[in-house]
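A quick write-up on the structure given underneath.
The values are calculated or read from the model by the stated rules, or taken from the named source; none is laboratory data. What you see is a predicted model; the values in this text were computed from it and never measured. When we count neighbours, we look across all protein chains shown, and the Cβ atoms used for this are built from the backbone with ideal geometry, even at glycine.
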Amino acid sequence: MDLNYGPRYDAFRAEVRSFIQTHRHRAPRAGGPRDATAKAWQRLLIEQGYAARTIPREYGGAGHAPDLLESRILAEEFSQARVSPGLGGQGINMLVPTLLEMGTEAQKREFIAPTLNGDIVWCQGYSEPGAGSDLASLRTSAVLDGDHWVINGQKIWTSTAHLADWIFCLVRTEPDAPKHKGISFLLFRMDTPGIEIRPLVDMTMNANFNEVFFTDVRVPAHQIVGRRGEGWKVANVILRNERNSLADPNIAQARLNALTDLMRAETVDGVRLIDQPQYLDRLMRLQGRILAMQQHDLRLLSADLNHTTGVDLARLVVKMQGTELRHELELLGIDVMGERGLAYGGHPQLQDEGSWQVHYMYYLGLIIGGGTNQIQKNIISERGLGMPREPQLAGA
Amino acid sequence: MEFGLSAEQQLLRDTLDEFLKARCPLTRVRQFADGPQDRAQDLMDGLAELGVFGLITPADQGGTGLGLLDACVVAEALGHAVAPVPFIAQAVLVPLALLKAGTPEQQGQWLPELASGKRWVGAAVSELAGARGDAGVRMQGGRLSGVARYALDFAAEAWLVADQDHGLHLVRADAPGLTVRRLETIDRSRPTGELVLANVAAETLPGANASVCRMLLDAGRILLAADSLGAASNMLDQAVAYAGQRVQFGRAIGSFQAVKHLCAQAAADLEPARALLWGAAHAFDEQHDSAHGMACHLKAHVSEVATSVAKATTEVHGGMGFTDLVGLHYWFKRIGFNRPMLGSPERLRVEAARAAGLLG
């Protein structure tokens, strides 16, 4: 057991900290992906090697060798300073690593640098009305007609489709193949004729998602990543990474600290909420669980660093535990405020910009999204514990 | 940076598992639970040969000078096997008290014999974590009076006794004025009992104070959590195995989601709990500022997790889980025993809140 990162990393941390101090006035406050300040900040971070750190230089990245502890330190320091760590989104987080692994040289050169710079914004076309948990049963079809794919079908839960320039999309190209072998991974422009976007308002009353309809959308045949029928394999290069990023225990700890402050400030009948044993007990239960997830996170980091085996099961539980934990934590934030906890939108006594209610509902979305927690339990028990699979129904 | 058990710690775990698998199957546990003996001397001697009772004792006192994390490896293995042997007091609490509060003479007199298993000691310190009813021991004129209940490693020749003012004393079984009474509990793998003291002469550890007592509690809590974690992990393994072979409606019940989700939840709760165990034991060994709070959170959290795992895995076994035939109840009760010892979850969370400066 050795929790020290060592002197080289301590020096790196100091360097990051001092950079943030010096340049933080140039960081964007908020704003969408097209914000000029956000794009300038991203360029500065790449130049400094703090964003796109391990992407090769020829594709517009900073070209550093992958180093888990450096990445960890960057994430920790930017988060602690509450300064933007640069652009994110599905293009940068999901498509770029996929292209690096599975893309052609031409695709890497065409897409990676503009994506990193924020000049191409992407959305992800995976889920469909009939293909949620069972994603591989997706039915949006692409049929080759000369040198174009012709796409027909519908996607759902497509975040940022209304903002995106391009989409990376799973489509069925081999209708006669087994379901996992008949899918291809296509890239195409969102302004291609035949695409219709309808916003999908979620329970927080924001339109974060969309439905996207494709009617005879024509896409050049070469805009495929991997070979025909390999789309499931291509998509799975990164699907794994998506789940655990939803459940950072250090963010949960920051949230719990904010909740503790709230419980110190909030009173009922003149008694602070922090002094009321029922509420304090709930807070402490959550604290114990966060501590466990933080230590769990260190165990997984250590396994990645030292190439330790035996953590496969441990890795599978993060998304489920982390999202359930946040959902409960945000509910306590609401509960300690009593009736005021219901405040939303334009309410004059809105606490913390309504974030307790928003996160409470948003995390219910995350409990469902990225593979529902029931699907996670199937995965944990079947892959993690080696329990028998559900028998396949005929025709499924 | 390295988070997890070292190669040596893994070897220790494998050695223990092998020993317990061979020498302490459920039949041996039953034999102890149903028999008249209050000691499983064969197992105690075997473990002494492996050196587990001298783990934290320095080499010049006959031990190996390792830390609490190493002791946790042992405690988890013992809980996994529901082994009917002393460990927490004999191997850690009493040696730790001697090391932190004893004189060099006391250390020389006790430590080597505890490490080798020549002498067996218990710890009657429950009241440090809260005295129930009339329990509690007072020191007056150099002698001890009162009641100390729920001693750990009860079947002993001497006990470490805590008084109400954070004093620590060693009381021998043959001391005049001492009445020792066995208290039957649900957990027959670990005898416990009470010491009734009436003006009993004791060997006082002169360096004892509140912070030494807190250290003892933290160490004990971490080891109890390790024991529960080992027991709960074993219950999950048994449930997964049972669900894989029990057939109903023409299929293994483990293929039903209702059953596998119980197991998945148990695994999802146990994995982070084990990381917390390692983290808390490491913080203790480093005497990090967070050590006390982590020990409280650990024991509270693991108690809750192990309790729910014990319930769920018993349910997976259906009616058989409820019987003595399968014997799952030995693990269920082991977890039940650990839950209130040295602090129930509710009280530990209050203590954790105090450690975090949250109590007004």
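Details
- Scanning the range A:332-350 for residues that are over 28 Å from A:Leu68 (Cβ atoms) and β-branched (Val, Ile, Thr) turns up at least one hit.
- Top-ranked residue in the range B:243-270 [being polar (S, T, N, Q), more than 33 Å from the chain's Cα centre (by Cα) and closer than 16 Å to A:Lys377 by Cα; ranked as farthest from the other protein chains (Cβ to nearest Cβ)]: B:Gln257
- Among the candidates B:Gly321, B:Gly327, residue that is touching a Lys or Arg at 6+ places or on another chain (Cβ under 8 Å) and either charged (D, E, K, R) or surrounded by fewer than 24 Cβ atoms within 10 Å (Cβ to Cβ) (or both): B:Gly327
- Within the option set B:Ala232, B:Ala273, B:Ala225, being buried (at least 24 other Cβ atoms within 10 Å of the Cβ), out of contact with any His (no Cβ under 7 Å at 6 or more places or on another chain) and within 12 Å of chain A (Cβ to nearest Cβ) holds for one residue only, B:Ala225.
- The range B:1-53 - residue that is farther than 24 Å from A:Ala314 by Cβ, of a type in the set (S, T, N, Q) and in a helix (DSSP H, G or I) and, of those, nearest to the other protein chains (Cβ to nearest Cβ): B:Thr27
- Of all the residues in the range B:101-116, those that are surrounded by fewer than 22 Cβ atoms within 10 Å (Cβ to Cβ) and in a loop (DSSP other than H, G, I, E, B) number 1.
- Residue satisfying all of: in the range A:265-300; of a type in the set (D, E, K, R) and within 11 Å of another protein chain (Cβ to nearest Cβ); surrounded by the most Cβ atoms within 10 Å (Cβ to Cβ) among these: A:Arg289
- Against the test of being assigned to a helix (DSSP H, G or I) and among the aromatic types (Phe, Trp, Tyr), the options A:Tyr360, A:Tyr344 yield a single qualifying residue, A:Tyr360.
- Residue in the range B:325-341 that is within 11 Å of another protein chain (Cβ to nearest Cβ), among the β-branched types (Val, Ile, Thr) and part of a helix (DSSP H, G or I) present: no
- Which listed residue, of B:Leu205, B:Leu223, is within 30 Å of B:Gln31 (Cβ to Cβ) and of a type outside the set (Ser, Thr, Tyr): B:Leu223
- Of all residues in the range B:276-310 being in contact with an Asp or Glu (Cβ under 6 Å, 6 or more places away or on another chain) and at the interface with chain A (Cβ under 9 Å from one of its Cβ atoms), the one that is surrounded by the fewest Cβ atoms within 10 Å (Cβ to Cβ): B:Val305
- On inspection, A:Thr309 does not qualify as hydroxyl-bearing (Ser, Thr, Tyr), within 14 Å of chain B (Cβ to nearest Cβ) and closer than 20 Å to B:Ala264 by Cβ.
- Scanning the range A:122-160 for residues that are assigned to a loop (DSSP other than H, G, I, E, B), of a type in the set (D, E, K, R) and at pLDDT 95 or above yields A:Arg139, A:Asp147.
- Some residue of the range B:204-225 being part of a strand (DSSP E or B) and in contact with a helix residue (DSSP H, G or I) (Cβ under 7 Å, 6 or more places away or on another chain): yes
- Residue ranges of helices (runs of 4 or more DSSP H) in the range A:1-107 with at least 3 members exposed (fewer than 15 other Cβ atoms within 10 Å of the Cβ) and out of contact with any Ser or Thr (no Cβ under 6 Å at 6 or more places or on another chain): A:7-23, A:36-48, A:68-80
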